[in-house]
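The values are calculated or read from the model by the stated rules, or taken from the named source; none is laboratory data. Just so we're clear, the structure is a prediction, and the values are computed from it rather than from any experiment. Neighbour counts are summed over all protein chains in view; Cβ atoms, including those assigned to glycine, are modelled from backbone coordinates with ideal geometry. For accessibility, only protein heavy atoms count, side chains too; no ligands or nucleic acids. Shrake-Rupley method; radii C 1.70, N 1.55, O 1.52, S 1.80 Å.
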Amino acid sequence: MPVILSIDDFRRLAQRRIPKAIFDYADGGSYDERTIRRNAADLDAMSFRQRVMVDVSKISLVSTMLGSPVSMPLAIGPTGLAGLFHADGEILGARAAAACGIPFCLSTMSICSIEDVREATKEPFWFQQYLMRDRGFNQELIDRAAAAQCSALMLTLDLQVIGERRRDPRNGLTIPPQLTLRNAWDVASKPTWALRVLFGKRRTFGNLVGRIGGSSGINTLAEWTAANWRDVEWVRSRWPGKLIMKGVLDAEDARLAVAAGADAIVVSNHGGRQLDGAPSSISVLSEIVEAVGGRCEVMFDGGIRSGQDIAKALALGARGALIGKAFLYALSAGGEAGVTKALDIMRNELRVTLALTGTSSIDAVGPHILRP
């Protein structure tokens, strides 16, 4: 790889190495992409208090998420189609996360199945589940996650319908990807990707074989999903382990999630890919932390591209942060080594940020490290 110093460097390299349809699936948002821009802009607008002459010769980034130790308060969040960004992408991401000492969450819409990832990895991982209309299939996914010894189940709550992501139909995105006259030149200019992915072993939704398939798989997902709080409570009664609820942007919904049995919630707007015009995740984080009142952990997702972004989320009360787009950029650019490099970059940025705000440990991070 060329010299990589930031997640933005990975993004630029990924754009050159994978087809436009795949890149835009990760990079874009819904409608006019206002919310995805707000995620970045509102994080960028926050300022740190720089402190001097504080002894920060020893800095610790270790923490816990869901009661388990982590080397830093970060997890790789669930991202659909990771195995199309790089062959066996979910397996590579899980391995990189395990080596780094942080959690990895496998998406329902992954290319590698739960069983693929379990067989190829040694450490337990989280599994993200969409609630389908078919309760029998919901139970099947729960049973498969339990059999794979997943350490947590993450329910995504904000997919009543799929937000209109205009880049995907414009690019003719299909699952599995197809070589057409429309994309032939783009694919031909990425021969390494084509050999690994287009002609590879895994090219469709590994967890949904025989359920949702073919080129319309993404669009038909909304026809399969349907849920309400009673369904969430049903999952809580069936899943014996830790339960995370992702996609909360409203204080009332946060309280309902706690009442439904959440061990953790993730403040998230689905990476700006659902309701365009929704607030940035960071702008509602504090009010949701207050609404939860310590009754469950609060995690953060939405625009994290640096260790500084992680520190900002922690300062406003998050227990940890999740990355999605940053993971896919690094995976596309460099496979497992790319993901490892990205995590190392973010770890170092977080360490330096703590040092320059006069903070020696994660537990000491709070609102005081930010300027009002």
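With a cut-off of 8 Å between alpha carbons and a minimum separation of six or more residues, what is the relative contact order of region 47-99 in percent?
The value is 18 percent.
Applying 1/(1 + (r/R0)^6) with R0 = 30 Å to the Cβ-Cβ distance of ASP250 and ARG196, what FRET efficiency is obtained, to the nearest 0.05? Write down the numbers at each step before the final one.
Values: r = 41 Å, r/R0 = 1.38.
Once rounded, the FRET efficiency stands at 0.15.
Mind putting a number on the dipole of the chain about its Cα centre? Charges go on the C-beta only, +1 for Lys and Arg and -1 for Asp and Glu, and I need it in Debye to the nearest 20.
740
Restricting to DSSP H runs of at least four residues, report the calculated mean residue ellipticity at 222 nm for the chain, -39500 (n - 2.57) per run over all residues, nearest 500 deg cm²/dmol.
Dividing the helical sum by the residues of the chain leaves -12500 deg cm²/dmol.
Multiplying the sequence separation of ARG51 and ALA355 by 0.36 nm and subtracting their Cα-Cα distance, what value in nm do you get?
Roughly 108.6 nm would be gained on extension.
If you take the alpha carbon radius of gyration of region 235-372 and divide it by 2.2 N^0.38 Å, what ratio comes out, to two decimals?
The value comes to 1.10.
What do you get for Rg/Rh of the chain when both radii come from the Cα atoms and Rh is the Kirkwood radius?
0.95
Rounded to the nearest angstrom and ordered from largest down, what semi-axes does the equivalent ellipsoid of region 90-242 get from its C-alpha gyration tensor (root of 5λ)?
For region 90-242, the ellipsoid semi-axes come out as 28, 21, 12 Å.
Of the heavy-atom accessible surface of the chain (probe 1.4 angstrom), what whole percent is carbon and sulfur?
Values: 7960 of 15720 Å².
Using a 1.4 Å probe with all protein chains present, the chain comes out at 51 percent carbon and sulfur.
Taking a quarter of the surface of the convex hull around the Cα atoms of region 34-77, what do you get in nm²?
Across all orientations, region 34-77 yields a mean hull projection of 5.3 nm².
Counting pairs of alpha carbon atoms under 8 Å apart in space and at least six apart in sequence, what relative contact order in percent does the chain give? Provide the component values of the computation, followed by the final result.
Numbers: 738 pairs, mean separation 103.7, N = 372.
For the chain, the relative contact order is 28 percent.
Counting only heavy atoms of the protein chains, get the accessible area per residue of region 216-372 (1.4 Å probe) and round it to a whole Å² value.
On a per-residue basis, region 216-372 sits at 36 Å².
Suppose all protein chains stay in the model; what accessible area per residue would a 1.4 Å probe give for region 10-125, in Å²?
About 42 Å² of surface per residue is accessible.
If you take every DSSP beta bridge whose two residues both sit in the chain, what share of them, in percent to the nearest 5, is antiparallel?
15
Report the local net charge at ALA251: Lys and Arg +1, Asp and Glu -1, summed over other residues whose C-beta lies under 9 Å from its C-beta.
After counting each charged neighbour, the total is -4.
Which shape class applies to region 1-117: rounded if a/c is under 1.5, otherwise prolate when a/b exceeds b/c and oblate if not, where a ≥ b ≥ c are the square roots of the Cα gyration tensor eigenvalues? Each step should come with its number before you reach the end.
Working: a/c = 1.84, a/b = 1.27, b/c = 1.46.
Judged from the Cα gyration tensor, region 1-117 comes out oblate (a/c at least 1.5, b/c at or above a/b).
In the structure shown, do any of LYS58/LYS246; LYS190/LYS312; LYS190/LYS246; LYS58/LYS312; LYS201/LYS312 have a Cα-Cα gap over 31 Å, and if so which?
Cα-Cα > 31 Å for LYS58/LYS246; LYS190/LYS312; LYS190/LYS246; LYS201/LYS312; rest within.
Once you have the alpha carbon radius of gyration of region 87-163, what is it after dividing by 2.2 N^0.38 Å, with N set to its residue count? The partial results should precede the final answer.
Details: Rg = 12.6 Å, N = 77, 2.2 N^0.38 = 11.5 Å.
In units of the globular-protein estimate, region 87-163 measures up at 1.10.
So how much slack lies between GLU115 and ASP44, counting 0.36 nm per residue of separation and subtracting their Cα-Cα distance, in nm? Spell out each step's value before the answer.
Working: separation 71, 0.36 × 71 = 25.56 nm, distance 3.92 nm.
My answer for the length gained is 21.6 nm.
Equivalent-ellipsoid semi-axes (√(5λ), Cα gyration tensor) for region 53-111, whole Å, largest first?
30, 12, 9
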